[in-house]
Each structure stands twice: as C-alpha cells, then as structure tokens.
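Trainee: What follows is a structure written as structure tokens; I'll ask about it next.
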Amino acid sequence: MIPRYQKIVLWLLLISSVLMAAYLIRLRARAQDQLAAVPDPVPMRAPVEAPPEQATLMVANDADGSLAPVERQVALPAETTTRARALLNDLFAYYAESDSPHPLAVLPAVNDVFLLPVPASKNASQSDSSSASSTTDNQIAVINLNRSFVDHHPSGIEVETLTLLSILGTLHANMPQITQVRFLVDGQPKDTLAGHADLTRTYLTANDVPQVTTSTNSPDGDVSPQKTPEKQP
Amino acid sequence: MLSTLLLVLAGSWSATAHAQQMPAQPAYPQPSTAAPLQSPLPAAAPPAAEPRFMVVLDPAHGGADAGAILGAGDPEKNFIVALAIRLHALLNARGIHSILTRDGDTTLDNNARATIANSTHAAACVLLHATSTGNGVHMYTSSLPAAGPQDARRAFLPWQTAQASYEMESLRLESDINSALTRQHIPVLLARTSIMPLDSMACPAVAIEIAPFDVKTPLTDLTYQEKIIEALATALQAWRSDWRMQP
C-alpha cells in the first residue's frame, strides 16, 4: 500500500514534469522565431579564390528609374555558374550598401545559378542570333532566388522591374553567352517578385534589357548617367 | 500552363459592326481557369450596332493582396481603389463608358482581370498602381516582343502574350496619357515591363504607377490626386478620338 503523501508527491512530480516539458517546447519555439527574425549574418559574398577582374554591374536607380553601368573589381572564378553567381552576389552587395540608389535588404539574394544550353530551335528564333556558330554557345540561366530576399523585396512595378533588369543587364554585360534568363524562388516557380514583376516568363537578355551603348566610367567606379527609361519633365 | 492555351474567340464577334470598325482586330482570348466575376463586374457585352468606346480601369491588388505599403502606412489596394472610383465617376460624367474590375476590397486574380478587359472588348485598359518609390507617374507598356502583322491578324492569341498584338495601340494610348500628364506638370517616367494581367490583355493597355509628386507632396495630397485624375480623364477623351480614327 502506497502512502497517501507518496501518491501526492508522485502526481506533483508528474505534473511538474509535463509543465516543464511544455515550457521548454514554448521556449524553443520562441527562440526559433527570434532566430528567423534576425537577418542572416552569413556574409553576402562567399570567399572566392580568384583574381579580381573588372566587371560591369548594371546598377538601378529608383530616383529616376535608370540603369547605369558601374565598373567594379570583382573576384570572378573561371567556372561559369560560379562566375554568374559571384557577379550577382556582388550586384546585390552593392544594393545592400547604405547609400545604394536601389536599396534592397541585406540578405543573401541568390541561392544558385544554373546554366543550360539553349535548345537549338529556340536559338534559331532569337532575334539576336546572327550565325549558327554564335548560337550554339548560347545559354539559359536559371536563377534560384532566396525566399527571404524575395519576401523582403520592396513592392512596386518600378522597383521590381529595375531589380530584374539589373540582373539581366549585369549578366548580359559580363556573360553575353547568357541569352535567356528564368527565375525560381527556393527552387519553386513564383508568379511575381513582390506582387508585380512577372517571374514566370523567360526573359531574353538582348531584348528585355534597354541598350546602353557605351560604358564611360572612370576606374574608381563613377556612374555613367545613361538612363534607360524615358523621363519626362 | 496557361501559355499552352490558345483561347477562343474569332467568329461571332468579328461579324459585328465592331469588326467593321476594326477589321484587323484579333480574337479575344479567354482563360480556362477564370475566376467567377464579382457582382459589380460586367458580363460580356453583346455586340452593339455602334462600336462602343469602353474603358476598363483595373485598380491593382485587393482582398488578401494588399500590394505595397505606402508612405503613410496605407496599403496600396485601398489608396488605388479610391482613386479609381473617382476616375470612374469623372469619366462617366464626361460621357465615357468605363468599368472597374473591382470597386471594393475584393480578391481578384490576374486571369479574372484580363477576362473582364477582354470580354468587354475594351478600347482602353488602364491598370492602376501606387508606390512610395520615385516621384511622379511611372507609365508602363508591355515588354513583350511586338507581334508581327501576320501574328496580329491571327484568330487565336496565346493567353500570356495577347498584349503583343496591341503594342502600337498601347504606345499611342501611352502617348496621349503622357501628353495630358505633362500638361499638368507632373513628372512622367516611361518604361516597359512584364506584369500580369497587362500581358494577357487584348486591348490597348498601360500600367500606371503613381508615386509621390516630390518629397513635400505625398500621395495623399488631394490636389495632386485631382491633377492625375483630371489628366487621365482628358487623355482618355483624346484617346476616344484617336481610337475612332483608327483603321
């Protein structure tokens, strides 16, 4: 026969164990929420063992809706997919700076870039294809954007369009063999970037990016004021 | 998925007087998954003896889709529908038939918006957005590659690229609106973009994104709003004349 006081102690221990377990689960959930709310401290640019090269970033400006080339020294690997990703990471690092003309969240923007050969039939139909030899090297880039970056991207036709054009323009300026670009978000198709710009279509870099004829930047990275959209007074 | 759908239309409406007005007008596509229309939305208009000048105003977002958060913390969906209702009233007062794709805080997907525009045989489709970024009015036409003359006469249009056949008309409409806004001394930015439902609209269409006039004049400034509404109404009146003179 178990004494009454031992039964009470046993039940109290049991109840306190359940309460402590519930409390610990709640603490764990709260800690996870706090961690998710903090911006990812992972460095924006992965360390790359490659000599720095001069790269042209097509930098967007929200104030006047323009795209302008900016020359930067970027460590660019020789391998093409890593090279494309390094270019885009540098572009978004530029936008994450405090005086950015197109401010975006300080978050990793690009998970992966996949490069695939453009199917021959599509190659033949492209307006910029001038010869068979040039089209055989054309590539389609599938850019897998980071979900957190997309979720924190400002919403608006202008700001979203400029982000996409900036990506397309930067790839076109530095890797002209990339003639088409498609977008994924965390590996899944998504309708829009932040409610406006279409992410479901295939973009042609030669057609969709407004042409900038020359790059007239000084070596220290001054921006050439060549507007792409037409600004009326 | 939708790009594979070649949408119906062709025969019946091209035999109407509207077809006499615009003989090269292509068929209007219909989506396979169109959302049910809300009560204030119009049903497809029956063929009329006279081509009817109809303007479709599409206030963006609505319902669960709040759009951008504007400077004062207001969601884009509320600001833009209020402005669209005022423009709608002004257009009707000036004898221009117009309809709104939504007049309340209702969720409407892009296919349903394009369906309204296409089934109404609209002479002008104006997509209305707002943003706190930049200044003045940003005006966009579709960045789709323009369809060639042979494509423009096709009886069927792909749903996701229907706007490609209306590029020239859309640019003319944009020009009329640009002129009217410039006369009101409102800064205008002209560009091209790819957004839904613009690309699916089989009508002359522009997307208008209204930004603050400047640092001192926010979106909530009523005088600024009146200027924009007046300019848009004036431009659509001018477009009615241009539209009637089109071959």
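The values are calculated or read from the model by the stated rules, or taken from the named source; none is laboratory data. Not measured: the values here are computed from a predicted model. Heads up, the Cβs are rebuilt from the backbone with ideal geometry, glycines too, and the neighbour counts pull from every protein chain shown.
Trainee: Is it the case that the stretch B:141-157 has a residue that's among the polar types (S, T, N, Q), out of contact with any Phe, Trp or Tyr (no Cβ under 6 Å at 6 or more places or on another chain), within 20 Å of B:Leu87 (Cβ to Cβ) and outside any loop (DSSP other than H, G, I, E, B)?
Mentor: Within the stretch B:141-157 (the criterion being among the polar types (S, T, N, Q), out of contact with any Phe, Trp or Tyr (no Cβ under 6 Å at 6 or more places or on another chain), within 20 Å of B:Leu87 (Cβ to Cβ) and outside any loop (DSSP other than H, G, I, E, B)), the answer is yes, since at least one residue qualifies.
Trainee: Taking helices (runs of 4 or more DSSP H) that fall entirely within the stretch A:97-207, which contain at least 1 residues that are at pLDDT below 90 and β-branched (Val, Ile, Thr)?
Mentor: A:132-135
Trainee: Answer yes or no as to whether A:Gly195 is within 12 Å of chain B (Cβ to nearest Cβ) and on the phi > 0 side of the Ramachandran plot.
Mentor: Considered against the rule, which asks whether it is within 12 Å of chain B (Cβ to nearest Cβ) and on the phi > 0 side of the Ramachandran plot, A:Gly195 comes out as yes.
Trainee: Still on this model: Out of curiosity, is B:Ala89 within 14 Å of chain A (Cβ to nearest Cβ) and among the aliphatic types (A, V, I, L, M)?
Mentor: No: the conditions fail for B:Ala89.
Trainee: Take B:Thr193 and tell me if it is at negative phi and surrounded by 23 or more Cβ atoms within 10 Å (Cβ to Cβ).
Mentor: When the stated conditions are applied, B:Thr193 passes them.
Trainee: Sort through A:Leu168, A:Leu162, A:Leu204 and tell me the only one that's within 13 Å of chain B (Cβ to nearest Cβ) and within 20 Å of B:Ala60 (Cα to Cα).
Mentor: A:Leu162
Trainee: Scan the stretch B:62-75 and report the pairs whose first residue is more than 16 Å from A:Gly156 (Cβ to Cβ) and whose second residue is basic (Lys, Arg) and in a loop (DSSP other than H, G, I, E, B), with Cβ atoms within less than 6 Å and a gap of 6+ or a chain change.
Mentor: B:Gly62/B:Arg102
Trainee: Would you mind stating whether B:Ile210 is within 8 Å of chain A (Cβ to nearest Cβ) and either in contact with a Ser or Thr (Cβ under 8 Å, 6 or more places away or on another chain) or more than 25 Å from B:Ala123 (Cα to Cα) (or both)?
Mentor: When the stated conditions are applied, B:Ile210 does not pass them.
Trainee: Looking at (1) more than 15 Å from the chain's Cα centre (by Cα); (2) more than 24 Å from B:Ala112 (Cβ to Cβ); (3) within 14 Å of chain A (Cβ to nearest Cβ); (4) assigned to a helix (DSSP H, G or I), which is the only condition B:Ser241 fails?
Mentor: All conditions are met except number (3).
Trainee: Count, please, the residues in the stretch A:57-85 that happen to be within 18 Å of A:Gln177 (Cα to Cα) and in contact with a Lys or Arg (Cβ under 8 Å, 6 or more places away or on another chain).
Mentor: Going through the stretch A:57-85 one residue at a time, the tally reaches 3.
Trainee: Can I ask one more? Name the residue, out of A:Ala84, A:Ala68, A:Ala78, that is surrounded by 15 or more Cβ atoms within 10 Å (Cβ to Cβ), over 29 Å from B:Ser132 (Cβ atoms) and small (Gly, Ala, Ser).
Mentor: Exactly one of A:Ala84, A:Ala68, A:Ala78 is surrounded by 15 or more Cβ atoms within 10 Å (Cβ to Cβ), over 29 Å from B:Ser132 (Cβ atoms) and small (Gly, Ala, Ser), namely A:Ala84.
Results for (1) loosely packed, with under 15 Cβ neighbours inside 10 Å; (2) in contact with a Phe, Trp or Tyr (Cβ under 7 Å, 6 or more places away or on another chain); (3) at pLDDT below 95, shown as yes or no for each residue.
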{"residue": "B:Ala44", "(1), (2), (3)": "no, no, yes"}
{"residue": "B:Ala48", "(1), (2), (3)": "yes, no, yes"}
{"residue": "B:Val56", "(1), (2), (3)": "no, no, no"}
{"residue": "B:Leu70", "(1), (2), (3)": "no, yes, yes"}
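Trainee: Among the residues of the stretch A:60-86, how many are assigned to a loop (DSSP other than H, G, I, E, B) and touching a helix residue (DSSP H, G or I) at 6+ places or on another chain (Cβ under 9 Å)?
Mentor: 4
Trainee: Moving to a separate point now. How about the stretch A:160-199: which of its residues are over 20 Å from B:Ala191 (Cα atoms) and of a type in the set (Ser, Thr, Tyr)?
Mentor: A:Thr179
Trainee: Among the residues of the stretch A:155-198, count how many are without any contact (Cβ under 8 Å) to a residue 40 or more places away in the chain, more than 23 Å from B:Thr133 (Cα to Cα) and within 13 Å of the chain's Cα centre (by Cα).
Mentor: 0
Trainee: What are the residues in the stretch A:208-233 that are at pLDDT 50 or above, part of a loop (DSSP other than H, G, I, E, B) and surrounded by 14 or more Cβ atoms within 10 Å (Cβ to Cβ), if any?
Mentor: A:Val209, A:Pro210
Trainee: Which of (1) out of contact with any Ser or Thr (no Cβ under 6 Å at 6 or more places or on another chain); (2) modelled with pLDDT under 95; (3) of a type in the set (Asp, Glu) does B:Asp199 not meet, given it meets every other one?
Mentor: Checking B:Asp199 against (1) out of contact with any Ser or Thr (no Cβ under 6 Å at 6 or more places or on another chain); (2) modelled with pLDDT under 95; (3) of a type in the set (Asp, Glu), the one that fails is (1).
Trainee: Cβ contacts < 7 Å: first residue farther than 26 Å from B:Gln237 by Cα, restricted to the stretch B:98-109; second residue charged (D, E, K, R) and surrounded by fewer than 22 Cβ atoms within 10 Å (Cβ to Cβ), any location; separation 6+ or different chain. Result?
Mentor: B:Thr107/B:Asp65
Trainee: What number goes with the only condition from (1) modelled with pLDDT of 90 or more; (2) more than 14 Å from chain B (Cβ to nearest Cβ) that A:Ala50 does not pass?
Mentor: (1)
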